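Right, one structure below, let's go through it.
The values are calculated or read from the model by the stated rules, or taken from the named source; none is laboratory data. The structure presented is a predicted model; accordingly, all values stated were derived computationally and were not measured. Please note: Cβ atoms are built from the backbone with ideal geometry, for glycine as well, and neighbour counts cover all protein chains shown. Each accessible area value is taken on the protein alone, full model and side chains, heavy atoms only, with ligands, DNA and RNA left out. Shrake-Rupley method; radii C 1.70, N 1.55, O 1.52, S 1.80 Å.
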Amino acid sequence: MTITSDAGSDLTPQVEMVTVVVDGVAIEIPKGTLVIRAAELLGIEIPRFCDHPLLEPVAACRMCLVDIEGVPKPQPACAQVVSEGMQVRTQLTSPVARDAQEGVMEFLLLNHPLDCPVCDKGGECPLQNQAMTAGRPESRFDEVKRTFPKPINVSAQILLDRERCVSCARCTRFAEQIAGDPMLELLERGANQQVGTAVDQPFDSYFSGNTVQICPVGALTSAAYRFRSRPFDLVSVPTTCEHCASGCSLRTDHRRGTVTRRLAWDEPAVNEEWNCDKGRFAFTYQEQGRVTTPLIREDGQLRVASWPEALDFAARGLSAASSHGVLVGGRSTVEDSYAYARFARVALKTDNIDFRVRDSSDEEAQFLRSAVAGTAVRTTYETLEQAPVVLLIAFEPEDESPIVFLRLRKAARGGTRVYAVGPVATRGLAKLSGTLIPAKPGAEPAVLAELAEQVRAELQAPGAVIMVGERIAGIQGGATAVLQLAQATGAALTWVPRRAGERGALDAGALAGLLPGGRPLTEDSARAAVAAAWGVDSLPATVGLAGAELLAAARDGAIGALITGGVELGDLADQSLGRAGLEAAGFVVALENHHSAITELADVVFPVAVVTEKAGTFMNWEGRPRPFAQTFKDALVMSDAVVLGMLAKAMNIAVGASDVAGIRQELGALGAWTGPRAERPNVPAGPVAEGAHLVATWRALIDNGVMQEGEPYLAATAHLVAATVSATTAGALGNPESVTVTGPLGSVTVPLEIGAVIDGVVCLPLNSPGCVLYRDLGVRSGQAVTIKGAL
Amino acid sequence: MAELPQAVRGFGVTFATIFKKVVTEQYPEQAAKFPPKPRYHGRHQLNRWADGLEKCIGCELCAWACPADAIFVQGADNQEGDRHSPGERYGRVYQINYLRCIFCGLCIEACPTRALTMTNEFELADNNRADLIYEKQDLLTPLLPGMLAPPHEMVPGTTDTDYYANKITGAVPEQAVQVDAEQVAP
């Protein structure tokens, strides 16, 4: 049989349809569809374990055997593609298929332990369910069942009960095909077949939790949830992940007022059926170290206060100050960010507001105002999957937006070429089969300006995408160069922030010089429209202070009062500036859910809700709103927006709606901005720092983040904290086992690893245990450090 | 027989009864004359293995079997140096609300380790609601001779399977050392 390929033709390929008959019902479907999908379309359920629509067929469990006319033996429906005129009979009409399935089920149950009553999967177990529907009521097996010592750790988080395994290979296929971490493998043969890892390489994948969810039996469980509750005892609420800008749909299961687990929820347009381990396991922070009552500072000490007293105290303090500033931590919902933006302009009459409590620059603010805020959705997960080429700048998707990584990996497996500009060919880039365009930290603009003609030509292809991470703020001239490249090539430019609230805060106007919907503050018509919507005569007309300037002004005593919402001082590159700014500001009102360095410095602290206690919306990097409902319906904790509304009332100022529905209505009524946009940045590239070793750094997915507190099993699956250098650099250092890296503030000693890093650059995690760059070294990306071999 | 008036005839019954055996029990001043039958469903108890480790593994099946929602269980992991039962888990919190319990015994049937059984004790009355919620310490059987109060490790050289197969005959000196050390430590 010969197949002639006409790949050169640019016509849309015609989908060839075939007609198959399943259980006597004919259906016309595209050629190449699997029999099991054809049956699904007809509403015929064929039992299965190994089949998963997002994984390649393997026909490992043999549960889906069906009778196909003309084929002597029953065939697995999950691996058989349909052909014209195929006559399929499932267990519903064929005694042969029924008998085959019952035989397979009996075989699978031979060694399967009868521990359903104490198994975590019991109650939501495909094996349990299908043993009822497709199995025989009696087993003929009266030998002793095979047992293994249980459970074994395939990673610190993932536990394996080998006797429960039916060798469906879902976990191993997920690890290899989806996550690209082929650390799980089926070992041994016959009755001894079992899932396992290499001796010294645990399954430390960022996506390992998905294997627990897709395991069709209770063989894989997570240390965090093992034996915690029973599925039928849980109340499930669909939610959105609050950890990064990927915007995953999650299912939060709770019981007696506590979240017991979170699962990836089915959202084909966003996260498909996957999520990352941070989104899955990092929720214990919600209960720890909470601020439970309003606190006010009296004689230098915080003391518990009633709501009316604290509101009155805060209102008086804010009204007394002549200049104000607002810092929104980038983790707020769209509604809360909007409330901050509105409160700043209406109640405080200031434009000094910024959601970027991290390394930020004026150039970045200009870039965001001109090219990102309020723009129509252009790049989505779907277009990413179809893109012929993707260029990554200051962005490491596996660590900074893991679901973008998964989709990029899917795209790369389908032929998308991935380029990354930077000093490190990361683990993630290798898994994307990507190419590194080497650039010393800080030299990215120059490299982009002189991009090879071939890459430039590829970027001109329709559908090409340029993805920029939040670290572009740390590269002088970076945003300018990226905008120029996008303009020159026509590639779609998309900004992928790290925190879940940043894109929403930007569109809600929580940035100096920006009103909701991407309206530039400097446009009179935009300002007038927003002023009318907010019911005020005028809005501040001059662009306020943002980022480091705002904090510097506070430090110099130019800011009378600061409001902070969800701010973590450790996020700031210059922590002494942040601390000095907050200390020097006359009056600090903090809206926080946790005690932190901010609450220690604040004059008033209001407790606010975490994501489970409020409804809201996160806007993901695509610009797609990801609304979520309140998990704990009877939670008494108020959202930031409600507290700000009460505060405005205490100040005798009307700010409008502060409930989620009202704010959504206000935002909807404002709509998107179609007028002229803010001016694009035009900043020349900065110099590359002098020094033998420049730092390349970003935040690892699993690190010291405040929202990962209280989850030791997750923390134990973090990647090794090490200084990664090239073989040449390591050789020059004398190949020591570990090195001491010294910066202006101090030094850290970490193991030395050799990796795909360009010479003269050392790659360090930004905020990992034993290596907190901003605090311990006082350096940021692109700055020079000294390295010495440690003893 | 001369016709006696109806009223006087009635007293005949009264006089006859005076000489009959009394069935009234002087309870609670005197002990119950007819104790419950051996299989009577009385107050629950949480059993121990022969070395004193608890049988309850915190699986909550009793709570799920309970039609009256009278049982609350919260399990926890046995830790190194803090072992309350053989195997991975133990019941950290165990409460039975006797205001709700209907003594149907479904919890007993559900228990996979026979940790929960019922005694013949029926004297469950009190003058307040709180005291009728029995906690784990109220339900656990007393330590019999040869048992040691947990937490302590399993009998050296055995696994949880040996416990479930009833191969443990009593606490051994190694376990006694652990218990003594713990009592001394704080």
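Values for this structure:
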| read-out | value |
| --- | --- |
| Residue count, segment B:73-116 (criterion: surrounded by fewer than 22 Cβ atoms within 10 Å (Cβ to Cβ), within 14 Å of another protein chain (Cβ to nearest Cβ) and over 30 Å from B:Gln175 (Cα atoms)) | 3 |
| Test: A:Gly645 is on the phi > 0 side of the Ramachandran plot and either at pLDDT below 95 or not assigned by TED's automatic domain parsing to the domain that holds A:Val259 (or both) | no |
| Any hit, segment A:421-444, residues being in a helix (DSSP H, G or I) and over 23 Å from A:Cys248 (Cβ atoms) | yes |
| Given (1) buried (at least 16 other Cβ atoms within 10 Å of the Cβ); (2) in the same structural domain as A:Ile598 (by TED's automatic domain parsing), index of the condition A:Asp659 fails | (1) |
| Hits in segment A:362-388 (condition: small (Gly, Ala, Ser) and either surrounded by fewer than 23 Cβ atoms within 10 Å (Cβ to Cβ) or within 20 Å of A:Arg527 (Cβ to Cβ) (or both)) | A:Ala365, A:Ser370, A:Ala371, A:Ala373, A:Gly374, A:Ala376 |
| Where a residue in segment B:111-126 is at positive phi and in contact (Cβ under 8 Å) with a residue 24 or more places away in the chain and its partner, wherever it lies, is part of a loop (DSSP other than H, G, I, E, B) and open to solvent by 40 Å² or more (accessible area, probe 1.4 Å), with Cβ under 9 Å and at least six apart | none |
| Among residues of segment A:187-233, those that are within 14 Å of another protein chain (Cβ to nearest Cβ) and under 25 Å from the mean Cα position of the chain (by Cα), counted | 6 |
| Residue among A:Leu636, A:Leu577 that is in the same structural domain as A:Leu318 (by TED's automatic domain parsing) and open to solvent by less than 30 Å² (accessible area, probe 1.4 Å) | A:Leu577 |
| Qualifying residues in segment A:693-723 (those that are part of a strand (DSSP E or B) and out of contact with any helix residue (DSSP H, G or I) (no Cβ under 9 Å at 6 or more places or on another chain)) - the one nearest to A:Ser222 (Cα to Cα) | A:Ala723 |
| Residues that are open to solvent by 10 Å² or more (accessible area, probe 1.4 Å), out of contact with any strand residue (DSSP E or B) (no Cβ under 6 Å at 6 or more places or on another chain) and part of a strand (DSSP E or B), drawn from segment A:735-768 | A:Ile754, A:Asn767 |
| Any hit, segment A:451-464, residues being in a helix (DSSP H, G or I) and β-branched (Val, Ile, Thr) | yes |
| Single unsatisfied condition, A:Thr239 versus (1) open to solvent by less than 20 Å² (accessible area, probe 1.4 Å); (2) free of Cβ contacts under 8 Å to residues at least 60 places away in the same chain; (3) polar (S, T, N, Q) | (2) |
| Any hit, segment A:282-301, residues being under 32 Å from the mean Cα position of the chain (by Cα) and crowded, with 24+ Cβ neighbours inside 10 Å | yes |
| Qualifying positions in segment B:9-22 - among the β-branched types (Val, Ile, Thr) and open to solvent by 80 Å² or more (accessible area, probe 1.4 Å) | B:Val13, B:Ile18, B:Val22 |
| Which numbered condition A:Glu364 misses (of (1) at pLDDT below 95; (2) in a helix (DSSP H, G or I); (3) among the acidic types (Asp, Glu)) | (1) |
| Residue check, A:Leu184 buried (at least 20 other Cβ atoms within 10 Å of the Cβ), within 18 Å of A:Gly279 (Cα to Cα) and without any contact (Cβ under 8 Å) to a residue 40 or more places away in the chain | no |
| Residue list for segment A:104-130, filter: outside any loop (DSSP other than H, G, I, E, B) and open to solvent by less than 30 Å² (accessible area, probe 1.4 Å) | A:Val104, A:Met105, A:Glu106, A:Leu108, A:Leu127, A:Gln130 |
| Residue match in segment B:49-56 (condition: within 14 Å of chain A (Cβ to nearest Cβ) and open to solvent by less than 90 Å² (accessible area, probe 1.4 Å)) | yes |
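Conditions (1) touching a Lys or Arg at 6+ places or on another chain (Cβ under 9 Å); (2) closer than 30 Å to A:Gly257 by Cα; (3) not in a helix (DSSP H, G or I), marked per residue:
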site: A:Ala552; (1), (2), (3): no, no, no
site: A:Thr564; (1), (2), (3): no, yes, yes
site: A:Ala573; (1), (2), (3): yes, no, yes
site: A:Glu600; (1), (2), (3): no, yes, no
site: A:Thr612; (1), (2), (3): no, yes, no
